[in-house]
Amino acid sequence: MGGSRAQVNKPHKTRFSSKSSRNIHKISQKDKNRIAKSNRNVTQGARAARLQRSKMLREQKKEALLKEKSASSGSASPPRVILLFPLSASVNVSSLAEDILRLLSADVSRALSSTVASSEYKLRATVLHAPHGDLLSCMEMAKVADLIAFVASATEQSTCDYIDSFGSQCLSVFRSLGLPSTVVFIRDLPTELKRRNDAKKIVTSSLTSEFPEDCKFYPADTKDDLHKFMWLFKEQRLTTPHWRNQRPYLIAQKVDMVPDDSSPEKCTLLLTGYTRAHSLSVNQLVHVSGAGDFQLSRIDIMKDPIPLNARKDHNAMDSDDIEDAEIIRSLAADPSSQEPLLVENVPDPLAGEQTWPTEAEMAEAERNQKQKRLRKRALPRGTSEYQAAWIVDDTDGEDSGVENDGDDDEDDDGMLLDEGESGFPSQEDTNNPDFEEDQASLHLRDSDEETENDSVMMEGDNMTREQIEDEIKKIKEAHAEDEEFPDEVDTPLDVPARKRFAKYRGLKSFRTSSWDPKESLPPEYARIFAFDSFARTQKHVVAKALKVEQEGRDDCAPVGSFARFYIKEVPFHAASNLCAASRTAPIVLCGLLQHESKMSVLHFSIKKHDSYDAPIKSKEELIFHVGFRQFVARPIFSTDNINSDKHKMERFLHAGRFSIASIYAPISFPPLPLIALKNAAGADTPAVAAVGSLRSIDPDRIILKKIILTGYPQRVSKLKATVRYMFHNPEDVRWFKPVEVWTKCGRRGRVKEPIGTHGGMKCIFNGGLQQHDTVCMSLYKRAYPKWPEHRFPANV
């Protein structure tokens, strides 16, 4: 081609020294095959390991299921507890309970007992029927039931009549406790087949939404219907709430008491029944429902009065059988290894006292004193040595900022802001003649009358009907006012605000300002226990209990054994109440884990029950049902702030949302459900006030009570305004001057100076103020629960 230039191969650089060395870095085909084969071997080995591990997990699960099935339905397992609960008052569960017991019992001539053994079904069962209208008995039965059978009547005229108000209330309480396995029995069905199926479909479609998805509906009119159900129930794998499987417990078949000769006010309580869930050690602490925490003195393991493979003429439990049962072995408590019943910490009154100084400290103090004497100071004529010790040097005054002038000074006498970390202002201004009296009043714990007053109403026995109605009316009015104007309080006219709100302080930011959790703690905190790491302690305690369970020690009553427990030093009054209550409700004995008898600060996530309309005020006395345990508490309610370490106290428990209830109570390890009951004035039985669950145990949780002082602008000039009626004297204005003010329309500002002699003050804001706006000041103080007067309901 004309004009084209011939191509010239230019020499280029190469990273190989010669042509023969180019293939040195390449892998030969033989090596490739060897590497690929080893990779295939590694892959196949990993796959085989995964298959082997999956097979091992399947076998472990299968073995665990078989073990659980044998433990729940074998000959050594305790009887299954069936609770018959009527959904309405028209349902007769007594006849249904009698039919089930006659079906399971082969001997019809004998009087029926609540616990029977059936050799035909290879099943032992305890049948309980809940009394309609008795909430406490229904709750205690639901806590121990392995199967809850809700009984409905098909003869109701309308759909809403299948479940009445009491049945709906109990059903919501059962959901809060945690439902075990559930079924629904349908009674009073027509005899004609077509009408019978139609009625069953109507009842099923009406009640399906009220129960879990796996809940089955069974007709329960004839013996054949119950026979079919029993064959299915025998093979059914029962599910129970997780909290119930954490601790051993016992349902008392017989309750008795033996007086203590050494102490007439104490006695020994005897509870006889089957051990469930876990083995129970004689050296372990136990809780008796409603009575409190106690130690065991002895356990008698007895021969089972109703064995599953017994002779046919003896398959029901009688009280005579329990009395005449043969004792196989006795377990006595060992004082050296028995867990002590430690409830409160005993504070040392001399723990905060100053110790005697050492020689080195005394020598250092003497040197400092000599240096002070050598230093010349300009003192007024006639000043004594004692008076000179109280005179501050000029350098100290300059460092402390006392000599600073100007209206914008935030460090003069008055309330400290959040940097001070103290609820007591400085003591620099002594020009006021009433200042010393005001300063002395700051150290009185009873200065805050409204917050420290007991919010519980007076005892109903000492009040007339008119007084009770007036007290209820006042509480309802306070509840309505708290919802309309939350946290707002009026400054009293006869008491200076610096005295009335002496325990309060201002915060620059509720979320980010610091607050020392160990500062100015109440005396009750010397009586409680705290954990360095609660999660680690709980993990250690649960692992220790599991280890004791697996070891199978000699001091434990194994699961499924029939035993009599001797509970020592029970108050005579509480034991008498338990014996009387055992006729209508089961008495439950629950084993406690380590540390669970000690007092601490417990926090519950709580919500007001839908059926309770009366207001619930903070520090009112409530009965807490936490799992198997019952105790009396006086909680304070607070919000749950996720992004802050401080939580705002709520004066009332508001409906429709969750709050945090903090109480002084014995330690319990979560998860545990909560049912809070409240004794209403003039009512015989307590009502369900709130439900929830145990959240945490933390005495350092900071709960702040907030109050808002309000004032009204009189004259507004651009960014400045004259505010009145927040305070009533100029000394109070100077006292609260460092605290920031804000308005309901979103302005923020500060107090500049007092005006006049009636509490007026000049404020500067970050924007123009409207005449109808309200000026507010937020103050905070830490709030604590109230220590209960009596701890357990059975001791009242």
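In the stretch 80-240, the C-alpha radius of gyration followed by the widest Cα-Cα span (Dmax) gives 15.1, 42 angstrom. Between Phe534 and Leu493, the contour length at 0.36 nm per residue exceeds the Cα-Cα span by 10.0 nm.
Summary of the geometry: the stretch 258-297 and the stretch 649-692, compared by the centres of their Cα atoms, lie 27 Å apart.
Packing order of peptides 623-630, 117-124, 691-698, highest average first: 623-630, 691-698, 117-124 (average count of other Cβ atoms within 10 Å over each peptide's residues). The simple spin-label model puts a point 7 Å past each Cα toward its Cβ; for Lys234 and Ser95 those points are separated by 2.7 nm. Separation of the stretch 215-245 from the stretch 111-178 is 12 Å, based on Cα centroids. Per residue, the accessible area of the stretch 653-778 comes to 39 Å² when a 1.4 Å probe rolls over the protein heavy atoms.
For the stretch 548-691, carbon and sulfur atoms together expose 50% of the accessible surface, with a 1.4 angstrom probe and every protein chain in place. Ellipsoid fit via the Cα gyration tensor, the stretch 668-721: semi-axes of 45, 22, 9 Å, each the root of five times an eigenvalue, largest first. Spacing of the modelled spin labels on Asp554 and Thr584, each 7 Å from Cα toward Cβ, amounts to 4.6 nm.
Multiplying the residue separation of Tyr525 and Asn641 by 0.36 nm and subtracting their alpha-carbon distance yields 39.4 nm. Close amide H contacts of Val741 (hydrogens built in the peptide plane, cut-off under 5 Å, sequence separation of 5 or more or a different chain): Gly749, Arg750, Val751.
Counting only protein heavy atoms and a 1.4 Å probe, tell me what percentage of the stretch 704-782's accessible area is made up of carbon and sulfur. Heavy-atom surface of the stretch 704-782 belonging to carbon and sulfur, 1.4 Å probe: 47 percent. Annotation: extensible slack from Lys474 through Arg58 equals 143.4 nm (criterion: 0.36 nm per residue apart, minus Cα-Cα distance).
The values are calculated or read from the model by the stated rules, or taken from the named source; none is laboratory data. Keep in mind it's a predicted model, so treat the numbers as computed, not measured. Note that we place each Cβ from the backbone using ideal geometry, even for glycine, and neighbour counts take in every protein chain shown. For the accessible areas, the whole protein counts, side chains as well, though only heavy atoms, and no ligand, DNA or RNA atoms are used. Shrake-Rupley method; radii C 1.70, N 1.55, O 1.52, S 1.80 Å.
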